[in-house]
1. Do you know the relative contact order of the stretch 53-251, to the nearest whole percent, from alpha carbon pairs under 8 angstrom that are 6+ apart?
2. How would you rank Arg91, Arg207, going from fewest to most other Cβ atoms within 10 Å of each one's own Cβ?
3. Can you tally the net charge around Val205? Count Lys and Arg as +1, Asp and Glu as -1, for every other residue whose Cβ sits under 15 Å from the Cβ of Val205.
4. Would you give the gap between the C-alpha center of the stretch 170-232 and the C-alpha center of the stretch 96-122, rounded to a whole Å?
5. How far is it, in nm, from the label point at His83 to the one at Arg153 when both lie 7 Å from their Cα along the line to the Cβ?
6. So how do 243-253, 129-139 stack up, highest first, on mean other-Cβ count within 10 Å?
7. Pulled fully out, how much extra length does the chain show between Ala210 and Ala138, if you take 0.36 nm times their separation in residues and subtract their Cα-Cα distance?
8. Subtracting the Cα-Cα distance from 0.36 nm times the residue separation, let me have the gained length for Glu65 to Thr255 in nm, one decimal.
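The numbers here are math on the coordinates, done by the rules we state, and not lab data. Predicted model, so just to flag it, every value in this text is computed and none were measured. When we count neighbours, we look across all protein chains shown, and the Cβ atoms used for this are built from the backbone with ideal geometry, even at glycine.
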Amino acid sequence: MGLSRRAFLGAASAAVVGACTSARRAAPPAGPADGAATSTTGTGTTSAGGAAGGPAAFVAHGPPEAKRVAFTFHGSGDPGLLHDLLGVAGRLGVPVTVFAVGLWLDQHPDLAGAILGGGHELANHTYTHPALGQAGRAAVADEIVRCRDALTRHAGSPGAWFRPSGLEVPSALILAEAGRAGYRTVVGYDVDPLDYQDPAAATIVQRVAAGLHPGAVVSLHTGHANTVTAFEPMVAAARQRALTPVRVSDLLAQTVAGGGASGR
């Protein structure tokens with residue numbers, strides 16, 4: 001059986017600048033009663049909801065019958081490594097989805113155009129990348145909205161998707177505030193090679209290859225040199241399994257309807 005992120009949840013997590021930290025493994029505080037109920041299906045978790053004006057839905061993978069995978073990146077760190085990654089992706093003809101930290105976009109205003117200009121996709125990953133599961137309602141709302149506004153400034157659109165920072169499965173509070181900010185879908189992942197801990201490139205490739213399956217959403221990070229080195233062999237591993245790398249929008253096109261941010 002393919003090795004998913006759950007095979008690595010017991011690994012020790014080191015804090016890395018611009019990367020997800022070990023806080024993602026801590027259980028989020030209980031959310032309000034208006035959160036969407038969740039259920040486990042296949043290799044990931046999905047939730048009901050996502051209606052306009054209501055809590056967002058949570059999706060951790062695409063449809064298992066799809067012969068597609070999505071390589072997603074938590075966008076932060078060294079802009080030079082981001083450009084290196086985009087160069088490899090362009091040469092391979094592989095679109096990716098970058099869940100960008102809003103402050104990173106504000107600090108490097110050319111990055112949004114570079115990402116979108118390569119046919120890739122931008123989405124919301126909070127403004128400062130806090131441990132969102134430990135934040136109160138006002139702070140959660142502020143993180144989502146400030147990143148949404150940064151995306152609008154630099155990319156001309158708030159993006160269709162939100163991914164929380166510092167945890168894997170969003171609380172009901174996070175789902176509610178994402179929906180309030182106009183995001184109908186919160187996108188997780190179900191293959192996690194822990195690349196933000198900077199293992200060897202070969203280890204990243206091995207972990208991703210072991211977890212690949214139809215509909216997989218792979219969690220990766222910009223700003224890490226070994227991840228850039230590992231990207232081409234990861235793509236080769238997907239293609240050897242007849243899996244086509246696509247953007248999240250294309251992976252979820254038949255699963256999620258109207259996954260766009262409409263404003264607060």
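1. 36 percent
2. Least to most surrounded, the residues fall as Arg91, Arg207.
3. Result for the neighbourhood of Val205: -1.
4. Cα centres, the stretch 170-232 to the stretch 96-122: 16 Å.
5. 2.2 nm
6. My ranking of the peptides, most packed first, is 243-253, 129-139.
7. Value of the extension gain: 22.0 nm.
8. Here the segment from Glu65 to Thr255 would lengthen by 67.3 nm.
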